[in-house]
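What follows is a set of notes on a single structure, which appears directly below.
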Amino acid sequence: MLAEALALSAVLFAIGVIGVLTRRNAIIIFMCVELMLNAVNLSFVALSTLYGASGQVFVVFTMTVAAAEAAVGLAIIIAIFRHVKTVNLQNINLLKG
Amino acid sequence: MMNPAMTFEGAHPLAATIARLVWLLPLLPLLGFLINGALAMLGAAKIGPADPSEGHHSEGHGNGHGGVHGHEHDDAHDHADHGHPPRHKFAGIVSLVGPGVLVAAFLLASAIFFAMRGVEMEHPYVLTLFSWMPVGDLNLNATILLDPLSMTMVMVVTGVGMLIHIFSVGYMQDDPGYPRYFAYLNLFVFFMLILVLGGSYPLLFVGWEGVGLCSYLLIGFWFSEKANADAGKKAFIVNRIGDFGFLVAMFLMFANLGTLDILGVADKAKDLPMGGAVATAIALFLFLGCTGKSAQIPLYTWLPDAMAGPTPVSALIHAATMVTAGVYLVARASGVFSMAPVAQLTVAAVGALTAFFAATIGLKQWDIKKVLAYSTVSQLGYMFVGVGVGAYVAGIFHLATHAFFKALLFLGSGSVIYAMHKAYHATHNHDDAQDMRNMGGLRHHMPITFCLMWIATLAIAGIPLFSGFFSKDEILAAVFARTHGSTLAEASLLGIPGSTVLFIVYGLGLVSALMTAIYMTRMMLYTFHGPNRTGEAERPHLAEAPWVMTGPLVVLGILAAFGGWLNVPALLGAIGPVGGLEHWLEPVVGENALRTTLGEAAHLSHSTELVLVGTAIAIAVAGIAFAVWRLKPAALVAKKDAPAAEGIARVLENKYFVDEGYDAAIVQPTVAVSRNVLWKGFDAGVIDGLFVNGSALLARAFGWMGSQLQTGHLGTYAWVLLIGVLTILGAFTYR
């Protein structure tokens, strides 16, 4: 059971990474990041059967932080959209040297 | 570096006498320099503008007899200010301090001299002052070396120096730079005493460089005229070439002998192989230094130009003392030279060539100081012939007598120029006060100077019983004596056997003696005899200089007449004690002189000696007679009416165009290389282009490459992050 759970977690994480790397829409990338977070959450829960309840406590922490992050991140995306009228990251390169 | 004489210091008989105050000797002029220098700086703020380009020049010139100089350039300047400015406000105290320290130094030197006469000296007196350069193997102390040779030089420097300082009080009295002048002059004496008293070659070198500096400062004393400033620079730069030789010689000494101490080097030189490469190289490089400082071929060109300085400076620095430093150095390093016959032959040959070459130029100069300048170069050549053939006493003897009569000639010419300048100044005429064509008949106007300068002329020409006769004769006799039975005769120079070289040297010496008699008589005839060519209006203003100037002349006149008694030859034993200087200097150079003559005293048979002396006298008389017979002062016209010289006279008047030759062969190529290769090629191309701009370009290139990593695209950063994470995980996994 543990192995399957960890495998699923790895697959989810990989999907999240690929999404972050390949997609250009900020919203989708954001969702992929959430996917990666939840993949990690899944592995925490799965491993708590081996190492005790502290893994599950961490999941609660993670979800709290993720909620805060989602609020801030979405606010930033909305601000960017208001500024440049797009959420396509290809067009946003203000940090270019 | 153990000094062999150091161990005797405590027990040295001189330590109990006034000679222990010998360190005070250089300090006295240094004190004078400090006081006069301070006064010069104090005065400069009040009197005259500090900027020489405005005002200073016209003061220097317009003040009558103060600024007796820059004659060719007089005309180019406007002399609106002919007022008589007040003397420098510190002139009184400077006149007291400047010559005063020299008088004190001379008295001290005399006391030390008599103390030295009174004790039996087995070893030189070495006084260690302080540790100077303790670096690794080199442990150099600042030491004073007091032996008969340095004492002789000290007496000449302080004695003649004192007289010239006193003369300067009159000559420079109205110059706005009066305290500055005495400050430099005192500083010069300080360095000169360091030079002659220094106990090691580096200390000697300090004095050597110091007198060079003072020479530069005093040649360019009236620096607001470009010609004078240029002459100073020329002297300084030409001397640097010689100094390079001196430095190399010191490096060689330290590398091969392991010491730089004068006594130590003399001691170690004995063990060198006779005629070996080490001794020859050291001696030749030392002599290169001498050719610079003592104005020998090929580096003599600076000395005639050095006449741009005030005339007392020419007398002190460029005739009596500094330029003889090279002769002193050869005598000082006689231990090394006597081990290198080839180097000795070189010294003698160069000296003889210089004596001859400069004498020919002296035949056709019109500037009274230029005649004396070339005469000095020529006489220095004689001294080098003397020390070159190992007759160190004869060389030093000629150095001393030359100091007397040449200082007298220069100061006499100074007094003539002073009178001429004053006369021209009184009538607002800007003619050349140094050109002999503008003089003539001055014997009626300045009888004292006239008589004294004739004494000096007879002395330099070699008329019997005058000082120059004894010393010049001794040198020529020494050369003749060494053509057989000496290390020199057995050596060879550039394939020519040594005895042949010495015969040529002797012949050149005789011819130079003839020309010396001719050009000196010519100078006297044109200056003092015949009709006066100064000008109708100026004539009543010609007068003898004040006593502060003629007084020193009289003393020098006595010395020039009787200086020969310092070292009377055996042949003339009837007139006085024989060989005084010879005995006096024997502990220093005797052994080295004997080495050259293979252990035997260089003896000539009485009959040979009589013939040699007779020849010399005949030549001197013939030269004077020839000049009197051929030269017609009455036919001479003033400079402004004189036609240009032609043929050989033109070549001589233009000094064989040597300066022009050096300019074309050395100066211009150097300038061209500096400009095109060093400046435009190396500085602008390599330094500016490659290093300065190149490093900027390199930094910019790196910056550009770095900036290309910063795309601003989130995807790129994410990729980089991922690759980084995978790399680290991979590294930990497959460690």
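The values are calculated or read from the model by the stated rules, or taken from the named source; none is laboratory data. None of the values given here were measured: they were computed from a predicted structure. Neighbour counts are summed over all protein chains in view; Cβ atoms, including those assigned to glycine, are modelled from backbone coordinates with ideal geometry.
Conditions tested, residue by residue: (1) free of Cβ contacts under 8 Å to residues at least 24 places away in the same chain; (2) within 26 Å of B:L458 (Cβ to Cβ); (3) in contact with a helix residue (DSSP H, G or I) (Cβ under 8 Å, 6 or more places away or on another chain); (4) of a type in the set (A, V, I, L, M).
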residue	(1), (2), (3), (4)
B:V589	no, no, yes, yes
B:T597	no, no, yes, no
B:S605	yes, no, no, no
B:V613	no, yes, yes, yes
B:I624	no, yes, yes, yes
B:W629	yes, yes, no, no
B:V658	no, no, no, yes
Picking from B:A477, B:A407, B:A456, B:A419, the residue that is part of a helix (DSSP H, G or I) and more than 21 Å from B:W547 (Cα to Cα) would be B:A477
Taking the stretch A:13-27 and keeping residues away from every other protein chain (no Cβ under 12 Å) and either crowded, with 19+ Cβ neighbours inside 10 Å or within 22 Å of B:V720 (Cβ to Cβ) (or both) leaves A:I15
In the stretch A:80-97, anything under 20 Å from B:G715 (Cα atoms) and away from chain B (no Cβ under 14 Å) is listed as A:F81, A:K85
Taking first residues from the stretch B:37-48 that are within 16 Å of B:S95 (Cα to Cα) and second residues anywhere that are at pLDDT 80 or above and assigned to a helix (DSSP H, G or I), the pairs with Cβ under 7 Å that are 6 or more apart or on different chains are B:G37/B:A183; B:L39/B:I93; B:L39/B:V94; B:L39/B:P179; B:A40/B:P179; B:A40/B:R180; B:A40/B:A183; B:G43/B:P179
Pairing a residue in the stretch B:20-31 that is aliphatic (A, V, I, L, M) with any residue that is not in a helix (DSSP H, G or I), where Cβ atoms lie under 8 Å and the two sit 6 or more apart in sequence or on different chains, gives B:V22/B:Y125; B:V22/B:L127; B:V22/B:I144; B:V22/B:L146
* Within the bounds of the stretch B:685-701, is there any residue that is over 30 Å from A:C32 (Cβ atoms), in a loop (DSSP other than H, G, I, E, B) and either in contact (Cβ under 8 Å) with a residue 40 or more places away in the chain or among the aromatic types (F, W, Y) (or both)? -> no
All conditions in (1) farther than 15 Å from B:L553 by Cα; (2) touching a Lys or Arg at 6+ places or on another chain (Cβ under 9 Å) are true of B:I396 except (2)
By residue number, the members of the stretch B:683-735 that are β-branched (V, I, T), within 23 Å of A:I18 (Cβ to Cβ) and more than 10 Å from every other protein chain (Cβ to nearest Cβ) are B:V720, B:I723, B:T727, B:I728, B:T733
Report task. Check whether at least one residue in the stretch B:517-530 is surrounded by fewer than 16 Cβ atoms within 10 Å (Cβ to Cβ), in a helix (DSSP H, G or I) and out of contact with any Gly (no Cβ under 6 Å at 6 or more places or on another chain), and report yes or no. Result -> no
